[in-house]
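Read through the structure below, which is laid out as C-alpha cells, and then see the notes.
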Amino acid sequence: MTSLADTFYTHITALLETVRTRNASVLRQLAPVIGRSIAEGGMVHTFGSGHSDIIAREIIGRAGGLVCVNGIIDPTGGFIENLVGYGTQLVERHDRQYQLLPGETIIIISNSGKNSSPLEVALYAKKKGLNVVGLTSVAMSTTYATVHPGGKNLHAVADYVLDNGGIPGDAVVEVAPGTRAGPTSTLTSALLLNLLMLEVTDWLRAQGHPLPVLVSQNLPGTVEHNRALGQKYKHRLSRQLT
C-alpha cells in the first residue's frame, strides 16, 4: 500500500512541472516589466494574508534573492483579513512609511483569491499605478465568491495572474472519507516566486544592469557586501540588512 507521504510526493512533483509550464508565458512577460523598474531604482512589494504571509516572505531579504523586495506585514497574521477596510489601512500605512511608487510591482498572494485584505491591497496598488501580480489558485478564485463588497476576486483584479495549480481546499491526499491532507500551495507558490525572481535577474543581466543579489551572510565577507547592496534601498526596506 502506498503511504500518504509517497502519494503526496508523487502528486507534488508532477504538479511542480505543470505549474512551471502553465505560467511560463506570464513569467516571461513580467521579467522586463519588473526588470526595467528595478533598473530605474524601483522596488518589488509582496503581500499575503494568513498562511500566504509565509509565501510573501519567501523572497524578502534572503540569500540568493534580490535586495529590492519589501513586504507588507499584517500584524494580526490574517486574523481579521475579512474585516472590510482593514487591508486598505495596512497598505496605506506601508505606503506612508516605505512608499508604493508608480511603475513598481506588487505581488499579492491569496490561495482562495476571495478574502478582503488581499483585494484591498491590490485595488489600492492599482490606484497608485503599480503593476499588480495575483498569485492564486485560479481553480479556487474562479469558483468561490469574494467576501469583499467590490465583488471581484483576485484573478479579476490583478494585471497579471500566476496560477499555483491548486484545487479548492488546497489539500490533495485523502486520509479518510471526506478529509484530505497534503496542501500544495506553499511549494508551488514558492517555486513561482523564485522562477520569477530568476527571470528578472536574467533580464537584468542580459541588459547589462548590475545584479542586486544578496549573498548568504554565513559566508566570509558577505555582510559588508549585503550592506553596500542595500544602501540605496535602506529607507524603503522594512527588514534592515545587518
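No value in this document is a laboratory result; all are computed from the given coordinates. Just so we're clear, the structure is a prediction, and the values are computed from it rather than from any experiment. Glycine gets a Cβ as well: all are built from the backbone with ideal geometry, and neighbour counts include every protein chain shown.
Thr143 satisfies every condition listed in (1) loosely packed, with under 14 Cβ neighbours inside 10 Å; (2) among the hydroxyl-bearing types (Ser, Thr, Tyr); (3) free of Cβ contacts under 8 Å to residues at least 40 places away in the same chain except (1).
Yes or no, residue by residue, for (1) in contact with a Lys or Arg (Cβ under 6 Å, 6 or more places away or on another chain); (2) at positive phi; (3) β-branched (Val, Ile, Thr):
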{"residue": "Arg62", "(1), (2), (3)": "no, no, no"}
{"residue": "Cys68", "(1), (2), (3)": "no, no, no"}
{"residue": "Thr76", "(1), (2), (3)": "no, no, yes"}
{"residue": "Asn82", "(1), (2), (3)": "no, no, no"}
{"residue": "Tyr86", "(1), (2), (3)": "no, no, no"}
{"residue": "Glu104", "(1), (2), (3)": "no, no, no"}
{"residue": "Gly113", "(1), (2), (3)": "no, yes, no"}
{"residue": "Leu119", "(1), (2), (3)": "no, no, no"}
{"residue": "Asn131", "(1), (2), (3)": "no, no, no"}
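With respect to (1) in contact with a strand residue (DSSP E or B) (Cβ under 9 Å, 6 or more places away or on another chain); (2) surrounded by fewer than 18 Cβ atoms within 10 Å (Cβ to Cβ); (3) β-branched (Val, Ile, Thr), the lone exception for Val44 is condition (2). Considering the range 66-118, and only residues there that are touching a His at 6+ places or on another chain (Cβ under 9 Å), small (Gly, Ala, Ser) and over 22 Å from Ala190 (Cβ atoms), the residue that is surrounded by the fewest Cβ atoms within 10 Å (Cβ to Cβ) turns out to be Ser116.
For (1) within 14 Å of the chain's Cα centre (by Cα); (2) over 16 Å from Thr188 (Cβ atoms); (3) surrounded by fewer than 17 Cβ atoms within 10 Å (Cβ to Cβ), each residue gets a yes or a no:
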| residue | (1), (2), (3) |
| --- | --- |
| His148 | no, yes, no |
| Asn153 | no, yes, no |
| Ala158 | yes, yes, no |
| Val161 | yes, no, no |
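In summary, Ala125 fulfils each of the numbered conditions (1) touching an Asp or Glu at 6+ places or on another chain (Cβ under 9 Å); (2) among the hydrophobic types (A, V, I, L, M, F, W, C); (3) within 26 Å of Pro168 (Cα to Cα) with the single exception of condition (3).
Identification of helices (runs of 4 or more DSSP H) wholly contained in the range 1-117 with 1 or more residues that are closer than 23 Å to Lys127 by Cβ, over 14 Å from the mean Cα position of the chain (by Cα) and in contact (Cβ under 8 Å) with a residue 24 or more places away in the chain yields 4-39, 86-98.
Filtered by the rule that a residue be more than 20 Å from Leu214 (Cα to Cα) and among the hydrophobic types (A, V, I, L, M, F, W, C), the range 18-64 gives Val19, Ala24, Val26, Leu27, Leu30, Val33, Phe47.
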